[in-house]
Structures are given as structure tokens and as C-alpha cells.
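First up is the structure itself, then whatever we jot down about it.
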Amino acid sequence: MSLAEDIRATGIQDSVEFRGETTVTVGLSRLKQTLEKFAELGYELLLDISSVDHMGETPRFEMVYELATLDDSKHVRVKARVAEDVEVPSAVSIWKTANWHEREVYDMMGIKFKGHPQMERILMWEGFPHFPLRKDFPLAGKESEMPDVAFSGVAPLEGGPFVTSPGSTRESGEPRAKGES
């Protein structure tokens, strides 16, 4: 079955082909159904789940799923817009790898997944009150009361076998063994 036939089989009529990549946009209410259909059509690999912050637009967020077949012959991107404080249906029941991807999206953007088996932070510590990849998060970061878990001792390689030589060129600044010049 061709990719065009796969897309028609999902019941989605609107898709975009750009530079050899196919993108399907669906409503949030059809997202899980569409992902399940692509899995049935042989898209065994969930390569990535990401999100986009369209701050100032409604709905604000967009979910992006990258799917492929095992033989890497077909790829498709599925997108769905999501309003703030609306949960996205979890894809963990379709692809187990969705577990970590969804936790990362939650941790960085604050988008929660309905039916996820372990919806908790994966990169930031529990209790961190912000979502660092949102466009309203300042580049310099925000003050927080970080638990005393950060590494604060001597750098592990200090005094080790390699040293760096500051210089104006890349070659002269590269680490090299002590005694070499």
C-alpha cells in the first residue's frame, strides 16, 4: 500500500506533501484513532513525539508525531493542535516508546497525557513549577528553590590526563595529553 493509500485509509482527507515529507493534521478528538490506524497499517516505529508552542494563537500548542515503517520505506508526520490545560490521549498503548516521549513533552511544555501510566517529570525535578520550552519562559531562566542535589564538588577531570590549551584556533584549543604541544 502506498503512503497516499495509507492516509486515505485513516479517513483523513487533508495532508501536505513538502520536500518528500508527508504531514497529516487531525483534530485532537481524532488523534488517537488516527495513530492507531497508522499502527495497523504497518507504522511500527514511533520515532519521536514533540510539541510546538504557538504562543498567542488558539489553540496554543501543537503535538507532532513522527512515524515510520520498520523497513524505513515510509514516513509520516501526524499533527494535532492542543489548547492549554487540555489533556492529549496517550499513545503508550500503541507504542511503548511513547512513555518517555510523552513525559518529556509534559516536563518541558506542561502538556499532560490522559491515560499515561506514569505522568511525572523526567528531566526536571519534581516540584519544579515551570516548563522551560514554553515561549514565555525567559532565556535566562527563573529563580527557584532547587533541592540540594546539584553537583558542586571538584570537576571530575580536573588534574586528569588531558588539558585544554586556550587559543584562537580550534586546533590549538583542543584537549591534548599533558606534555604534548
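Every number in this text was worked out from the coordinates using simple rules, so none of it is lab data. Quick caveat: nothing in here was measured; it's all calculated off a predicted structure. Glycine also receives a Cβ, built like all others from the backbone with ideal geometry; neighbour counts cover every protein chain displayed.
Miscellaneous remarks
- Count - residues of region 55-83 that are touching a residue at least 24 places away in the same chain (Cβ under 8 Å), surrounded by 14 or more Cβ atoms within 10 Å (Cβ to Cβ) and not hydroxyl-bearing (Ser, Thr, Tyr): 14
- Inter-residue pairs, beta-carbon under 9 Å, first under 21 Å from Arg60 (Cα atoms) and in region 121-141, second surrounded by 14 or more Cβ atoms within 10 Å (Cβ to Cβ) and polar (S, T, N, Q), 6+ apart: Leu133/Ser51
- Residue match in region 12-25 (condition: under 19 Å from Glu62 (Cβ atoms), crowded, with 19+ Cβ neighbours inside 10 Å and within 21 Å of the chain's Cα centre (by Cα)): yes
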